[in-house]
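The values are calculated or read from the model by the stated rules, or taken from the named source; none is laboratory data. Keep in mind it's a predicted model, so treat the numbers as computed, not measured. Virtual Cβ from ideal backbone geometry, glycine too; neighbours counted across all protein chains shown.
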Amino acid sequence: MSASRLISDLKSQASARHASEQQRFYKTAPGEYGEGDVFLGISVPKTRKIAGEYRNLTFDEIEKLAKSDFHEVRLCALVILCNQYKKSKELKKKKAIFDFYMVQVVKGRVNNWDLVDVSAPTIGQYLVESNNSMPILRKLSKSKDLWERRIAMIFTFAFLRAGELEPTYEIAERLLKDEHDLIHKAVGWMLREMGKRDPSLLRAFLTDHSKVMPRTMLRYSIEKLPERERKMWLVRSK
């Protein structure tokens, strides 16, 4: 089992037509958020299947994948890392995986919304189990890097699943004035998930902030509320 063999297996599934579609979908043109990203043209289920076959790769081999120019190769690295995290029983091993993941984040290798969303909810579980995790979330939320800010928000999904709602509330507040649409969507999504667990807390957030929330963020956050209430919040926010 090696990174080079995994990459060969991925390339055997490549499709030029699908790659072209992915280039457009993930906004890879100059000036777009995914500028310069390169795709092989492989479906996510196929990528996940191959990742499962290489689930025991070492960090050194996973890093070779994470450094790849090809999007699906980096995705494979993250899926393997998540699979290893889920199977880890000891906090020491979980910390090693979290620290390795954060190295990849800082080096700019977790650099599209799907890469963030497939990895942060799982790797973020380490923060739930560790002490004093809020400084990490706050630091990421202030980053100049779009993906680090999105990771800050999506990390809080792990807290929501554990029944801890305050991290989502706080990081959402910190990102209220963010100018990027992908942050608006991430914040709205996490607020919606928070609202599923505690509708009154979502309503408290909306009461305080709906008038300044970007429209996309607001729409995402109220998606699961009754239609009549959704209309009320949209009118109130104008």
Exercise. What helices (runs of 4 or more DSSP H) completely inside the stretch 87-194 contain at least 3 residues that are assigned by TED's automatic domain parsing to the domain that holds K67 and more than 27 Å from E63 (Cβ to Cβ)?
Worked result: none
Exercise. For Q22, which of the numbered conditions (1) over 20 Å from the mean Cα position of the chain (by Cα); (2) modelled with pLDDT under 95 fails to hold?
Worked result: (1)
Exercise. Are there any pairs with C-beta distances below 6 angstrom linking a residue in the stretch 54-72 that is in a helix (DSSP H, G or I) to a residue that is of a type in the set (D, E), with the two at least 6 apart or on different chains, and if so which?
Worked result: H71/D37
For this session: Consider L165 carefully, then state whether it is touching a His at 6+ places or on another chain (Cβ under 8 Å) and surrounded by fewer than 21 Cβ atoms within 10 Å (Cβ to Cβ).
Result: no
For this session: Inspect the stretch 199-220 for any residue being in the same structural domain as M134 (by TED's automatic domain parsing), charged (D, E, K, R), under 30 Å from G34 (Cα atoms) and surrounded by 14 or more Cβ atoms within 10 Å (Cβ to Cβ) and give the result as yes or no.
Result: yes
Exercise. Do you know which of the residues in the stretch 202-232 that are of a type in the set (D, E, K, R) and in a loop (DSSP other than H, G, I, E, B) is farthest from H180 (Cα to Cα)?
Worked result: K224
Problem set entry | Residue check for E193: acidic (D, E), surrounded by 13 or more Cβ atoms within 10 Å (Cβ to Cβ) and without any contact (Cβ under 8 Å) to a residue 40 or more places away in the chain | yes
